[in-house]
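The values are calculated or read from the model by the stated rules, or taken from the named source; none is laboratory data. Computed from a predicted structure; not experimentally measured. For neighbour counting, all protein chains shown are included, and Cβ atoms are generated from backbone atoms with ideal geometry for every residue, glycine included.
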Amino acid sequence: MTLNFTAPLRVNYLSPNMAYIRDINIHVSVQAEGLLNLTTLSCKIHDFITLGTYYVDKDNITFVNCVIPSLQYLNLTAVTPINWNNSMYIEVSNNGKDFSNSKRIFYFITEENLLSVYPITGPEYGGTVLNISVSYLPYENGTLGDVFNKSQCVFPGYPAQNVVWINETLIQCTTPPLIENIENVTSTNS
């Protein structure tokens, strides 16, 4: 009989590391060391365990993709109470039983965190710097920069782009060119 031992799993980062409280079926990529391409590969957020999908990027870095249900579902199924600020650890396991202990935090935030976006118009060729005022974004390891460096702006039809952190209440993104006839784009005044 041969026993194989592997090094403990270590989660390096989550992408995204936050979602709105109202979001459901959130797709999260977890970059971790020691992942194996097994059918038992799993993610655990708080008390909830779900199977994940293994993949390796072009730089030979391993990830597991997991789908997180809604915060409401997590609250309903939780064996232990969820933190008052709706933050919880995401850990990974190759066998669905022995999970990492990396303490990477996933946050659920409210829409009230987004106070304003200025300007609200710009040229069709893009390049407008959007000033995004926020009231609170969660800290990670005691620093704002870590969270903001992983935060992204999403424009329909384009890959997500990282935000530029200005200070505790201001982040920036630059608009891409307008895509003609893109579906599901709406504009509202509130």
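Name the residues in the range 55-95 that are assigned to a helix (DSSP H, G or I) and closer than 17 Å to Leu36 by Cα, would you? The answer is none; no residue qualifies.
Filtered by the rule that a residue be modelled with pLDDT of 60 or more and hydrophobic (A, V, I, L, M, F, W, C), the range 141-162 gives Cys153, Val154, Phe155, Ala160.
On the basis of being aromatic (Phe, Trp, Tyr) and over 16 Å from Phe108 (Cβ atoms), does Tyr54 make the cut?
yes
Among the residues of the range 115-140, write down those that are hydrophobic (A, V, I, L, M, F, W, C), surrounded by 15 or more Cβ atoms within 10 Å (Cβ to Cβ) and modelled with pLDDT under 85. Steps first, answer last, please.
As a first pass, look at the range 115-140 and keep what is hydrophobic (A, V, I, L, M, F, W, C): 115, 117, 120, 129-130, 132, 134, 137.
Add one more test, that the residue is surrounded by 15 or more Cβ atoms within 10 Å (Cβ to Cβ), and what stays is 130, 132, 134, 137.
Passing the criteria: Val134, Leu137.
Restricting the first member to the range 61-74 and to residues that are over 14 Å from Phe108 (Cα atoms), and the second to residues that are among the acidic types (Asp, Glu) and at pLDDT below 95, the beta-carbon pairs closer than 7 Å and six or more apart or on different chains are Phe63/Asp57.
Name every residue in the range 14-45 that is in a loop (DSSP other than H, G, I, E, B) and within 15 Å of the chain's Cα centre (by Cα), in order of residue number.
First, pick out the residues of the range 14-45 that are in a loop (DSSP other than H, G, I, E, B): 16-17, 21-25, 34-41.
Of everything in the range 14-45, those that are in a loop (DSSP other than H, G, I, E, B) and within 15 Å of the chain's Cα centre (by Cα) turn out to be Pro16, Asn17, Ile21, Arg22, Asp23, Ile24, Asn25.
Looking only at the range 120-131, which residues are within 26 Å of the chain's Cα centre (by Cα) and either polar (S, T, N, Q) or on the phi < 0 side of the Ramachandran plot (or both)? Those that are within 26 Å of the chain's Cα centre (by Cα) and either polar (S, T, N, Q) or on the phi < 0 side of the Ramachandran plot (or both): Ile120, Thr128, Val129, Leu130, Asn131.
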